[in-house]
Structure formats: structure tokens, C-alpha cells
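Read through the structure below, which is laid out as C-alpha cells, and then see the notes.
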Amino acid sequence: MDSEETAARLLQPKIHPLKLFDAARSQKRLLYACAPMVRYSKLAFRQTVHHFGTDLCWTPMILAKEFNRSRVARDSDLTVSTTAAAHDEVPTIAQFGANDPVELSRAASLAAPFVNGVDLNCGCPQSWACAETLGAALMGRRELVRDMVVATRERLARDGWDVDSFAGADSDDVGGRVGRSVSVKIRVHKDLRQTVDFITTVLGDEHHRNIDWLTIHPRTRSTPSSIPINVEALETLTSMFGTKLPILVSGDVFTLSTLPYTSHLLDPQPTFTTSSHSSPDTTGNDSSKPKLHLPNLSGLMSARALLANPALFAGYDACPWEAVDVFMNNVARAPLPLKLAIHHLNEMCGPGFGPDRNAALLSKKERIRLNEISNWIDVIDYIDEIKSQRGGKGGVVRFT
Ligand SMILES: Cc1cc2nc3c(=O)[nH]c(=O)nc-3n(C[C@H](O)[C@H](O)[C@H](O)COP(=O)(O)O)c2cc1C
């Protein structure tokens, strides 16, 4: 494909993400999203989860300042497909780390032709990020966050993208053909009143929304991911703001059948179990407590569990061999560094986050062997060999 053809393909109209929220709601289900994951949520992986029903995929966090200044950073941080047919295209949100309205709006302007929307990371708890007023440090800077999203909307509008979509979210033409979204991903404060103030400031008034939707990771900056999410905080925030704009939850979406809350958009959910056994709730949530109902939640975002099982949103509670095959085909077309691709396979073939954590596609010994392989052809041969040993399509191993 020559560069003109590539440019034309890239500039094909993209669906406005709010339309995906509408479509999910009309199918009486929540929207399914793949979380931003530094190192991992790259093109081949996003294509894989999209194949298995994930509606919207985030890129890893990209540092806006570097993205604006370096073509090398742009080429390595934002990989998009130039070959996908329009219906195969993965709706993608570019997530940025930024602390300055000019930097974020410039980065959004550069990324807009290639993605469906841009998102600001207000959740990264790592000390290097917080020291630079990036990520979770922004949870203490609500006016700055508002200024960043307002400047970004203005810049995208000046560039000719339709960002005035929220007011028309109910119309058929939401975002038109050139609509782009602006959103933020946040954590919560220990004192939830601060989170309420934060959202109120960033959201803007009813006629001029500054963001199209919000992703809430209901843990504080210092809560480790081994502690279950704060469902009470999520209930409060979705009931206060979930009728004003769509809210996605990020955190502990391990399988569709083991969520620590209920929603009218969740039942009934088909689940496909890839092994014959299942064990009690291993999500860390207290299964003796009645689950809270979240009528104003719009979507589910998964990170760790989707890494382990890209078919999660197709209703599988453990990774099927088919997902491994789809991933390996995608890596052949949208290559990843060998060690990274093998790391993905290790995650997919390990015990995962489903209810049965004693089953896996590969035993521990087989995964150690996989790690030692030094080229992709041998990886393909090794996986094929194991699948044929297990009788054609493969199967799970039980290690108890
Ligand atoms: C390896 C890894 C990388 C992550 N990178 C990002 C990131 O770039 N931006 C972000 O907002 N969150 C990032 N997160 C946080 C996740 O998006 C998510 O909010 C968190 O892991 C909770 O979801 P989970 O329980 O589904 O894992 C990352 C998480 C993991 C495990």
C-alpha cells in the first residue's frame, strides 16, 4: 500500500465511542473495554481482545510531552493498523500522561486522525509519575484537569473534529463522521467528598460537558490492587453522576460471572467454562454479603484478567486455545518484541483470574520451557506440539 493509500485508510471515518455505549445499552449489556496497560495494551493484543467482543480498547499511557517532541516516540507509542477493513478496525482510545493543557491538547491533535478518542490518566500511582504531577497526583489538581480537558476539546474542535457530541448523545448522528471523544480515568480519594468535587469540576455544566465519559478505578492512590475495589464508593459515584454521563468501572473485572456487584445490564450472561471444575469465589470479595446493584453503571474495563484471558468478554471464564491462536496470528501481522509476546503467552496459558485457578493451558514446567525459547518460529512449533499432544485442539492441565 503506498503512503497516499495508507493516509486515506487512516482517515476513514471512525465511530464515535458514545455510539458504542449506545449500541451496548440497546443490546441490554454493559460496554466492554480493555484497560490501558503500559507495555501490554499494544496493537496485536488490542486486536485480539476486540476479536473476542471487547468494544473499546485503550493504548498504554503515552507521555504527551515526549509524544509531541519526538517522531520516534510517536511511532513506537501509538501503533494502529493501516490494513484493517473498516469493520475490523479496533475502536481505540489514546491515553496520555500530561500535566499541562498545551501539551495534552497538542498530543490529542497529533493522535486524533488515528484514534477514536483521547483520555487523560489521573490514576497512575507510581512515584516517578506523581513526582511530575502526572497520573494520580492529578486527583489533587482538579482545576488543572478541567483546564486540560477544556483546552483539548477546544483544540480538537479548531482542528475540525466534532467534539460537541455529548449534547447530541441521543441523536443518531452523535459525533458525526469526524467525532472524537475526550475522557479521563481516575482513582478515588479516601474522603469521597473530594472525588465528588473533582468530578463536578471536571465534568462542566449540563450544556457544556468537558468529558464524554469517565472511568473510575475505585481504589485510592495507595490501595494495592490485591485489596478488592471499593464497591460502596462506586455505588455513590455512579448514582450521583451515572445519569449525567457514562461511567466505566476499572478494577476486579475478573470474569462476567464473578463481578462484585449487579446490574440490569448484566443478567443473564452466558458463560463458557473451559474446564469441568469450578471452585468458590476467589476474587477476594466477601461472597456472604449481598451484592450492591449499580443501575447507573455503563461499562466494564478489565486489565489483569483480560491479559490472562482475552476472551473474557465473550463469556469465557478461562482462556481458550482459540484466543492463543488469534493472538499469535495478530503478532505475526503486528509484531511485538519476542520477550513481550512470550510474556503475553505466559499470561494466557497460566492459571488466570477465573473461578478455577487450578487449571491452565500450560503447566508451570511448560511455561518455563516457553520462556527459554529464543525465536518466534520455535514458539509457534512449541505451542503446536503441545496442542497436538493434547489431541488436536488442546485442553487444560490441572495442577492439583
Ligand atoms: C501492567 C499494567 C499496566 C498498567 N498501565 C496503566 C496505564 O498505562 N494507564 C492507566 O490508566 N492504568 C494502567 N494500569 C491500571 C489498569 O488500567 C487498571 O486500572 C488496574 O489494573 C485495575 O484493573 P484490573 O483489576 O482489571 O487489573 C495498569 C495496570 C497493569 C496491571
Tensor-based shape of segment 308-354 (alpha-carbon gyration tensor, a/c under 1.5 rounded, otherwise prolate or oblate): oblate
Per residue solvent-accessible surface (Å²) - segment 3-317, probe of 1.4 Å: 42
Distribution of pairwise C-alpha distances over segment 183-275, 5 Å bins, in %: 2, 12, 23, 22, 16, 12, 7, 3, 1, 0, 0
The chain: angle of helix 338-349 to the longest principal axis, Cα-based, in degrees nearest 10: 70
Measure of compaction for segment 322-398 (Cα Rg per 2.2 N^0.38 Å): 1.05
Average Cα contact separation per residue, segment 322-398, under 8 Å, 6 or more apart, as relative contact order %: 29
Simple spin-label estimate for Val72 and Glu132 in nanometres, 7 Å along Cα-Cβ: 1.6
Separation of the Thr243 and Lys289 label points, Cα + 7 Å toward Cβ, nm: 2.6
Cα gyration tensor of the chain - equivalent ellipsoid semi-axes, whole Å, descending: 33, 26, 20
For segment 293-335 versus segment 25-58, the gap between their alpha-carbon centres in whole angstrom: 7
Dimensionless Rg/Rh of segment 1-146 - Kirkwood Rh, Rg from C-alpha atoms: 0.98
Coil-residue GluC sites (Glu not before Pro) of segment 198-262, DSSP, other Cβ within 10 Å capped at 12: Glu206
Rg(Cα) / (2.2 N^0.38 Å) computed for segment 67-158, rounded to two decimals: 1.15
The chain - share of DSSP beta bridges that are antiparallel (%, nearest 5): 10
Trypsin sites (Lys or Arg not before Pro) lying in DSSP loop within segment 43-141, provided at most 16 other Cβ fall within 10 Å: Arg141
Cysteines not pairable in the chain (beta carbon separation under 4.7 Å absent): Cys122, Cys124, Cys130, Cys319, Cys349
The chain, helix-only ellipticity at 222 nm - DSSP H runs n ≥ 4, -39,500 (n - 2.57), divided by all residues, nearest 500: -11000 deg cm²/dmol
Cross-link pairs Lys14/Lys339; Lys14/Lys291; Lys339/Lys387 - those with Cα-Cα distance over 26 Å: Lys14/Lys339; Lys14/Lys291
Relative contact order (percent, whole number), the chain, Cα cutoff 8 Å, 6+ residue spacing: 15
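The values are calculated or read from the model by the stated rules, or taken from the named source; none is laboratory data. Bear in mind that the values here come from a model prediction, so they are computed numbers and not experimental data. Here the Cβ is made from the backbone with ideal geometry for all residues, glycine too, and neighbour counts use every protein chain on show. What goes into the accessible areas is simple: the full protein's heavy atoms, side chains included, and nothing from ligands, DNA or RNA. Shrake-Rupley method; radii C 1.70, N 1.55, O 1.52, S 1.80 Å.
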